[in-house]
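Before any comments, here is the structure.
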Amino acid sequence: MAAKTKTAKAAFERHGLTDEQLIAIWRTMLVHRRLEARGFELNRQGKIPFASAGEGHEAVQAGAAMAFERGKDILVPYYRDLGLDLGIGLTPYEVLLSLFGRAADHSGGRQFPHHYASKQLGLYTISSIIAAQTSHAVGAAYAVKLRKEQGRAVLTTFGDGATSEGEWHEALNFASVHKLPIVFLCENNEWAISTPLSGQMGQPNVYKRAEGYGMPGVLVDGFDPIAVYGAVKQAMDRARRGGGPTLVEGKCYRFLSHTTDDDDRTYRSRDEVNARRKDDPVPNFERFLIEHGVLTAEAAEQMKSSVLAEANEATDRAEAMPYPQPSDLYSQVYAGPWEPWQ
Amino acid sequence: MAVAASTSKILNNVEAVRETLYEAMKSDDRTVILGEDVGNRGNVFLITKDFVKEFGEERVIDTPIAEASIVGIAVGMAMEGLRPIAEIQFADFIYPAFNQIVGEAAKTRYRSNGEYTCPLVIRTPYGGGVRGALSHSVSIEALFYHVPGLKIVAPAFPADVKGLLNAAIDDPDPVLFLEHKKTYRLIKGEVPDGHYTIPIGKADVKKQGNQLTVVSYGLYVHWALEAANALEQEGLSVEVIDLRSIRPMDRGAILESVRKTRKLLIVHEDNKFGGIGAEISAMVAEEALFELDAPIRRLCAPDVPAMGYALPLEEEYMSSPAEMADAMREMVRF
Ligand SMILES: Cc1ncc(C[n+]2csc(CCOP(=O)(O)OP(=O)(O)O)c2C)c(N)n1
Ligand SMILES: [Mg+2]
């Protein structure tokens, strides 16, 4: 966030976003953070076996989600994209069903948390296999282009570590060959579990690789949701117009351990992590919106309590829902009933 | 099985694949073909020759040489409502796509609880006896038949090729469609005109007999038939079952035959350890052990990485009709 001004209602680059949209972005960031924390709490309480953490990714995800056209675009995310999923319409209740592994979860309690699948939202099913989703996104973008669907684009996301996978390179290459309507968004949090960026690539800028594929590469501050929106919106509009793919890199940071099963104290110092907290996008964006007169301090507090209430209500409701039945293990292997021996 | 037209023509396996793909492209504009050299050249075996002229390069896609994404992109197309037919130029080069086939395509329906599906066909030429050396002759079926969520077919006769390829294209789940290279132009047969399907998972008794059941698929079905027919002259009666489908497999057909002949020989070109024959042997042992009059026998390739380029190294790896006849004779007389 560039603006450090104290002047209320001072002008700032808002990329056409209305006050309502700015507040919606902030609310998505709040819900994202609250639900990630809920995942960790439930894990520590012994109520769920596993949760991942997106703290530090709120701005890049909420900003990108605002550039997604609901009911039209396609999102092919990765496992750390809870904020993006929320930003395109996923509800806290669905998130809690996923965390608890309940039968009503999108995967029927089969998948790790935050692996959703909703045709209604345009949200593709993903595995946990790093970068495998990027070629699916390219295939979907090919279909959109083949059918000459106007004004529709695909957004696919991944971490910095994912950009080392061969499949990631194949996806960008093919998208460029066919000038597909797709945006590749890298959420560069500087870590891939315990491997720092320097162990992942010979130079630290993912966006620079775009040139090698023949597409624009855009660098954006991933802690600034407005800037992210601006960059992703421009790239999505370009894709929707038939202008081809773009690689956007949002630089952010992972404040917590990789997942509840990881302990980041084993590979990075508290000093490093604490020093980065000054960039925490959730309090920073709140302050920014208040300073610029978009939000009042009272409204902000109200919003926080309503988000907490919503999270609590979703937690109680989802926890009360049943697990899948043992017999559910056997459904949806193929269409129809199934035996390997006929 | 849809009723086929009463007319038919003689085609080889290449022509059967070609005709079926052509009809699929013609009848459904959601169908796309993607792979290396499928457009400009029309596939290395000329299976899709001139398709690009008729259907355009948007639907007959010459991809970069990138097998993982050939399948991955096809998975995305399938999830988005197209009916992709992906080609891996030779089965020997399918390994980079293992991730997408096993980790993604086979689990799409399951992991989304049916929200997304993956109606995808992956065609690939496989098999040896064509002086293909280490990297143009492998069998890959055993690497994939362990995987729930996939279907695998390996027809040997032109009419089966057409019926099963149509079934694979119509299928709502991913199907690996294996085409034996040596049978491509060698094997000719009558193929009904018009659209028809053969159900995936149904074997076919290609020759009746009552002293021994031989189960095989692909090129070796033809060699087993040659051997079994020769043994008729010696008064030996051998039944030959063509599996046609490897996953699912036709338990009923195998058991019915074995219960009649009381002896089972499995022949396949792929190596023995952990091969398709192992699963068939286990199933028959579980279901019909005490109805057998002889131990189950498997005649398969040796446990070496691949057949060689030099003729003796290829011949040593491959079986032959004569070797099959010897095994059949021994088993009948056991
Ligand atoms: C193909 C594959 N290899 C390894 C893993 C194990 N793994 C899970 S997350 C991860 C790190 C990914 O880092 P990055 O892409 O930067 O994403 P981040 O988790 O930082 O958001 C690894 C190695 C995996 N899920 N898939
Ligand atoms: Mg990372």
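The values are calculated or read from the model by the stated rules, or taken from the named source; none is laboratory data. Quick caveat: nothing in here was measured; it's all calculated off a predicted structure. Reconstructed Cβ throughout: ideal geometry from the backbone, glycine too, with neighbour counts over all protein chains shown. For accessibility, only protein heavy atoms count, side chains too; no ligands or nucleic acids. Shrake-Rupley method; radii C 1.70, N 1.55, O 1.52, S 1.80 Å.
Of note:
- At least 1 residues being within 16 Å of ligand 1 (Cβ to nearest atom) is the threshold, and among the helices (runs of 4 or more DSSP H) wholly inside the stretch A:42-140 those reaching it are A:58-66, A:82-87.
- Taken over the stretch A:113-141, residues that are at the interface with chain B (Cβ under 9 Å from one of its Cβ atoms), open to solvent by less than 10 Å² (accessible area, probe 1.4 Å), within 17 Å of A:LEU172 (Cβ to Cβ) and in contact with a strand residue (DSSP E or B) (Cβ under 9 Å, 6 or more places away or on another chain) amount to 7.
- Any chance A:ALA192 is within 16 Å of ligand 2 (Cβ to nearest atom) and more than 14 Å from every other protein chain (Cβ to nearest Cβ): yes
- Some residue of the stretch A:178-193 being farther than 21 Å from A:LEU75 by Cα, in contact with a Phe, Trp or Tyr (Cβ under 9 Å, 6 or more places away or on another chain) and open to solvent by 50 Å² or more (accessible area, probe 1.4 Å): yes
- Residue identified as in contact with a Leu (Cβ under 9 Å, 6 or more places away or on another chain) and farther than 30 Å from A:LYS148 by Cβ among A:VAL206, A:VAL248: A:VAL206
- Test: B:ASP293 is within 18 Å of B:VAL138 (Cα to Cα), part of a loop (DSSP other than H, G, I, E, B) and not aromatic (Phe, Trp, Tyr): no
- Criterion: within 30 Å of B:PRO64 (Cα to Cα), modelled with pLDDT of 95 or more, within 16 Å of ligand 1 (Cβ to nearest atom) and among the charged types (D, E, K, R) - qualifying residue of A:ARG209, A:ARG241: A:ARG209
- Among residues of the stretch B:152-188, those that are in a helix (DSSP H, G or I) and either surrounded by fewer than 22 Cβ atoms within 10 Å (Cβ to Cβ) or not β-branched (Val, Ile, Thr) (or both), counted: 14
- Any hit, the stretch A:135-151, residues being closer than 19 Å to A:LEU84 by Cα and within 16 Å of ligand 2 (Cβ to nearest atom): no
- Within the stretch B:95-116, considering residues that are crowded, with 24+ Cβ neighbours inside 10 Å and under 21 Å from B:VAL38 (Cα atoms), the one nearest to the other protein chains (Cβ to nearest Cβ): B:GLN100
- Note on the stretch B:1-46: residues that are part of a helix (DSSP H, G or I) and exposed (fewer than 13 other Cβ atoms within 10 Å of the Cβ) total 2.
- Any hit, the stretch B:47-55, residues being touching a helix residue (DSSP H, G or I) at 6+ places or on another chain (Cβ under 8 Å) and either of a type in the set (A, V, I, L, M) or facing chain A (nearest Cβ under 10 Å) (or both): yes
- Breaking point among (1) within 27 Å of A:GLU190 (Cα to Cα); (2) touching a residue at least 40 places away in the same chain (Cβ under 8 Å); (3) open to solvent by less than 10 Å² (accessible area, probe 1.4 Å), for A:PHE68: (3)
- Subset of the stretch B:198-248 (residues that are part of a loop (DSSP other than H, G, I, E, B) and open to solvent by less than 30 Å² (accessible area, probe 1.4 Å)): B:ILE198, B:ILE200, B:GLY201, B:ALA203, B:GLY209, B:TYR217, B:GLY218, B:LEU236, B:SER237, B:LEU243, B:ARG244, B:PRO248
- In the stretch B:65-88, the residue that is farthest from the other protein chains (Cβ to nearest Cβ) out of those that are surrounded by 21 or more Cβ atoms within 10 Å (Cβ to Cβ) and farther than 14 Å from B:VAL32 by Cβ is B:ILE88.
- Checklist (1) in contact with an Asp or Glu (Cβ under 8 Å, 6 or more places away or on another chain); (2) more than 14 Å from chain B (Cβ to nearest Cβ); (3) within 16 Å of ligand 1 (Cβ to nearest atom) applied to A:GLY39, failing item: (1)
- Flag if A:ASP261 is in contact (Cβ under 8 Å) with a residue 40 or more places away in the chain and open to solvent by 30 Å² or more (accessible area, probe 1.4 Å): yes
- Pair list, Cβ under 6 Å, 6 or more apart: the stretch B:199-228 residue within 14 Å of chain A (Cβ to nearest Cβ), other residue among the small types (Gly, Ala, Ser) and crowded, with 23+ Cβ neighbours inside 10 Å: B:ILE200/B:ALA167; B:ILE200/B:SER245; B:GLY201/B:SER245
- The single condition among (1) away from every other protein chain (no Cβ under 12 Å); (2) within 16 Å of ligand 2 (Cβ to nearest atom) that A:THR91 does not meet is (2).
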